[in-house]
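Have a look at the structure below, then the notes.
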Amino acid sequence: MPDLFLRPRGLPRALRLASTLIVLTLAAGCDGGTESEPEPNPIPEIVSVTPDHFIRGAAETVVTVRGTGFVEESGVRLNGAARPTEFVSATQLRARISAADLAEPRLSAVTVHTPAPGGGTSGPAELWVFYPEPRVASVTPAGVPAGAPVTVTVRGESFLPQTRAELGSRELTVTYVSPTEIRVALTAEDVALPGERIFVVRNPEPGGGAVAAFLTVGIPTPVIAELSPASVGVSEAAALTVRGSGFYPRSRVRVGGVEVPTTPFSHTELRAAVPAGMLASSGIAEVRVENSTAPGGGIPSNGVPLEVRAPVPVVSGLLEASTTAGRGGFIVVVNGSGFAANAEVRFDGAPRATRFRTPTQVEATLTAEDVAVGGIHHVTVSNPAPGGGLSAPLRFTVLNVVPQITDFRPFTVVMGSAGQSVTLIGSGFTPGSEVVVRPYPPLTGATGVRPTTYVSPTELRVALTTADLAGQGTLGLSVRNPLPGGGVSGEAGFAILAPAPVLASLSPASTLDGQTSFTLAVNGTGFAPSTVVEVGGRARPTRFVSATRLEATLGPEDVGLQGTLQITVMTPEPGGGLSDALPFEVRSPVPVVTSLSPAQTQAGQDYFVVVVNGTGFRPWSRVRLNGEDVSTVYRTATEIEAHLWDVHMASPRTVQITVVSPAPGGGVSNAAPFQIVAPVP
């Protein structure tokens with residue numbers, strides 16, 4: 001058990017009281033007071049013990065003791081011996097009771113003891129350990145013949161070596177075997193007369209109790225020594241003579257478990273009539289005799305075999321001699337004669353679940369596999385031994401149906417894929433079904449049968465080749481079933497889609513403006529011969545290089561002016577789609593200043609024009625004077641004017657003239673010095 005049942009940790013109450021007393025004494029000394037005695041523990045009282053009784057042999061357990069006056073030092077005692085105790089509250093304790101305390105039936109006293117100061121021991125409370133009450137589950141044998149001593153085996157629960165049995169006022173001899181079994185001996189006098197015997201199985205006090213057990217005493221069991229005749233024909237009427245011993249006027253003969261009309265001749269002979277049609281199955285029927293005079297008349301005799309012989313069956317035809325493939329379980333009805341109730345219909349020699357209708361008709365359920373494929377089969381009927389045999393065969397035809405395609409998975413595939421398995425869904429499929437593939441233009445490929453796998457009457461799998469999936473277009477799929485029956489399904493279109501194009505990069509990623517034509521290489525994945533390059537959503541002349549590269553021709557409207565173009569690629573249906581866009585920059589060149597005309601002017605002027613000569617000038621280029629924009633007029637790509645005002649020429653100095661073009665591209669040119677000189681006096 002856990003430490004839960006040890007005393008709580010900490011100082012004992014007496015020590016804590018002593019500590020408190022010391023503190024109070026010191027305080028009293030300081031205050032000039034007097035010492036006080038510690039408060040005495042109360043005398044404990046028990047109100048209840050839960051649980052207050054156990055069955056002998058119970059496992060170690062915990063009891064709850066409720067009452068008053070409990071303190072932390074209080075302890076539970078069993079017959080004066082302390083038991084591990086847990087203090088719960090002033091009104092509740094928990095104590096551990098060991099398996100040894102519960103090993104034998106007895107009355108024990110439970111008390112609570114509280115130590116000094118004060119305290120004491122409570123009055124006792126009762127704790128009982130009882131013998132268990134016995135339970136009887138069965139008596140074997142349940143019936144015995146009258147007049148012979150017998151020992152019966154009683155099985156049940158809670159039996160003890162002290163368990164006793166009584167029949168009326170007489171005690172019976174009991175042999176203890178185990179807690180679940182005893183043996184009770186009854187004398188010939190105890191079972192002298194037929195009838196029901198009730199004897200009592202009793203466990204001693206304390207506890208214990210009694211339970212009734214039942215035993216039937218009957219007439220002797222009949223015994224069969226001879227049966228005549230020893231065999232009969234299937235469904236034939238027969239007269240049987242049964243010889244033996246222990247027969248009575250109310251004895252009855254049972255054949256195969258069924259009671260038949262019986263005429264008693266003597267204690268050693270009975271006559272029984274077997275009605276026509278009763279023994280419809282070939283085999284062995286067991287014959288027994290029951291003495292029906294109660295009590296005990298239901299104990300049967302030994303069983304003797306009666307051979308029921310069947311003829312060789314004769315078949316005349318089938319109610320339906322054909323069916324269509326894929327119908328699932330099919331019931332075939334066989335007409336003929338001499339069928340036993342346990343006759344067996346065989347399909348191509350294999351037995352099938354058979355139902356007997358009459359001696360001239362039987363039926364069998366064919367499996368789905370039997371009728372899954374078209375073909376010619378043979379049906380026979382077999383009567384089992386004794387006698388019996390196998391009939392001649394009858395022909396049964398399974399016709400293949402015209403297959404149908406209703407769906408397939410996947411519905412499409414991306415062009416250029418490796419060989420692909422496609423699942424066809426439909427009806428009328430057989431293991432002999434073949435899938436025929438026909439390419440529609442612009443696909444170029446061979447029409448013909450592809451490798452086909454049969455899965456079920458509603459599912460096939462076809463292996464399309466890499467060549468079948470090389471281009472963008474549609475394949476026609478059909479299913480062909482062989483004879484007998486069979487035919488070709490309608491054609492279903494299987495789309496081979498171009499992949500969705502994906503842009504990866506542009507080569508180059510930019511170009512200079514002012515061109516009339518430019519070839520742009522577009523790199524990515526999923527390109528098809530039908531894929532086109534678009535600029536701002538407008539198609540441009542495109543050359544397919546490979547599935548990862550295209551070349552597009554851009555015109556002056558694209559590369560004539562500076563700017564950023566949005567490049568996409570588009571693959572038309574089936575499949576395909578529009579890619580994400582990549583930016584393509586048309587960049588201005590970095591301007592270059594080669595000379596100024598003139599290269600100087602006089603200070604003090606109100607207005608002056610400087611012509612800047614160079615290359616890479618654009619209408620959006622600006623002239624800067626010492627890094628500050630000045631009024632600019634664009635002439636050509638090699639000439640640009642800078643307009644200077646009085647603020648620029650107020651005093652003599654040398655300034656730096658540059659030209660700047662904005663992004664994309666562009667930049668700041670080299671600097672050219674421009675002199676503002678003093679005027680001639």
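The values are calculated or read from the model by the stated rules, or taken from the named source; none is laboratory data. Note that the structure is predicted; figures quoted are calculated from it, not measured. Methodologically, a virtual Cβ is constructed for each residue, glycine included, from the backbone with ideal geometry; neighbour enumeration extends over all protein chains shown. In case anyone asks, the SASA skips ligands and DNA or RNA and just uses the protein heavy atoms, side chains included. Shrake-Rupley method; radii C 1.70, N 1.55, O 1.52, S 1.80 Å.
A few remarks follow.
- Test: residue in the range 81-92 that is within 27 Å of THR180 (Cα to Cα) and either touching a residue at least 12 places away in the same chain (Cβ under 8 Å) or open to solvent by 60 Å² or more (accessible area, probe 1.4 Å) (or both): no
- Filter pass, SER281 being modelled with pLDDT of 90 or more, within 56 Å of the chain's Cα centre (by Cα), open to solvent by less than 40 Å² (accessible area, probe 1.4 Å) and not aliphatic (A, V, I, L, M): no
- The range 599-615 residues that are closer than 16 Å to ILE657 by Cβ, paired with ones that are part of a strand (DSSP E or B) and open to solvent by 70 Å² or more (accessible area, probe 1.4 Å) (beta carbon under 7 Å, 6 or more apart): ALA599/GLN675; GLN600/GLN675; ASN613/THR594; GLY614/THR594
- Residue check, GLY168 modelled with pLDDT under 90 and loosely packed, with under 13 Cβ neighbours inside 10 Å: yes
- Residue, most open to solvent (accessible area, probe 1.4 Å), within the range 510-520, restricted to residues that are over 16 Å from THR542 (Cα atoms) and in contact with a strand residue (DSSP E or B) (Cβ under 7 Å, 6 or more places away or on another chain): LEU512
- Which numbered condition ALA100 fails, given (1) surrounded by fewer than 17 Cβ atoms within 10 Å (Cβ to Cβ); (2) modelled with pLDDT of 95 or more: (2)
- Pick from the range 425-462, criterion of a type outside the set (Val, Ile, Thr) and touching a residue at least 60 places away in the same chain (Cβ under 8 Å), ranking: farthest from GLU491 (Cα to Cα): PRO457
- Residue check, THR474 within 30 Å of PRO441 (Cα to Cα), out of contact with any Asp or Glu (no Cβ under 9 Å at 6 or more places or on another chain) and open to solvent by less than 10 Å² (accessible area, probe 1.4 Å): no
- When the range 371-384 is filtered for residues that are open to solvent by less than 40 Å² (accessible area, probe 1.4 Å) and either within 30 Å of SER427 (Cα to Cα) or of a type in the set (Val, Ile, Thr) (or both), the ones remaining, listed by number, are VAL371, ALA372, GLY374, GLY375, HIS377, VAL379, THR380, VAL381.
- Among residues that are at positive phi and of a type in the set (D, E, K, R), ASP348 is included.
- Of all the listed residues (VAL647, VAL677, VAL609, VAL630), the sole one being of a type in the set (Val, Ile, Thr), open to solvent by 60 Å² or more (accessible area, probe 1.4 Å) and farther than 30 Å from ALA552 by Cα is VAL647.
- On inspection, THR542 qualifies as modelled with pLDDT of 95 or more, buried (at least 18 other Cβ atoms within 10 Å of the Cβ) and hydroxyl-bearing (Ser, Thr, Tyr).
- Here SER251 meets the list (1) at pLDDT 90 or above; (2) crowded, with 19+ Cβ neighbours inside 10 Å almost entirely, failing just condition (1).
- There is no residue in the range 228-244 that is surrounded by 15 or more Cβ atoms within 10 Å (Cβ to Cβ), closer than 28 Å to ILE55 by Cα and either touching a Phe, Trp or Tyr at 6+ places or on another chain (Cβ under 9 Å) or of a type outside the set (Asp, Glu) (or both).
- Residue among SER661, SER669, SER595 that alone is in contact with a strand residue (DSSP E or B) (Cβ under 8 Å, 6 or more places away or on another chain), open to solvent by less than 60 Å² (accessible area, probe 1.4 Å) and modelled with pLDDT under 95: SER661
- Among the residues making up the range 549-568, those that are at pLDDT below 95 and of a type in the set (Val, Ile, Thr) are VAL559, THR564.
- Strands (runs of 3 or more DSSP E) within the range 386-450 that include 1 or more residues farther than 30 Å from GLU307 by Cα and hydroxyl-bearing (Ser, Thr, Tyr): 394-399, 404-409, 412-414, 420-427
- Strands (runs of 3 or more DSSP E) contained entirely in the range 514-607, each with at least 1 residues that are within 30 Å of SER651 (Cα to Cα) and more than 60 Å from the chain's Cα centre (by Cα): 592-597, 600-602
- Wholly enclosed strands (runs of 3 or more DSSP E) of the range 170-216 bearing at least 2 residues closer than 28 Å to LEU127 by Cα: 195-203
- Count of the range 122-149 residues which are assigned to a strand (DSSP E or B) and either surrounded by 14 or more Cβ atoms within 10 Å (Cβ to Cβ) or under 52 Å from the mean Cα position of the chain (by Cα) (or both): 15
- Output for the range 53-81, where each listed residue is among the charged types (D, E, K, R), in contact with a Ser or Thr (Cβ under 9 Å, 6 or more places away or on another chain) and more than 16 Å from GLU126 (Cβ to Cβ): GLU60, GLU73
- For the residues GLY387, GLY428, the requirement of being at pLDDT below 90 and either of a type in the set (Val, Ile, Thr) or surrounded by 15 or more Cβ atoms within 10 Å (Cβ to Cβ) (or both) singles out GLY428.
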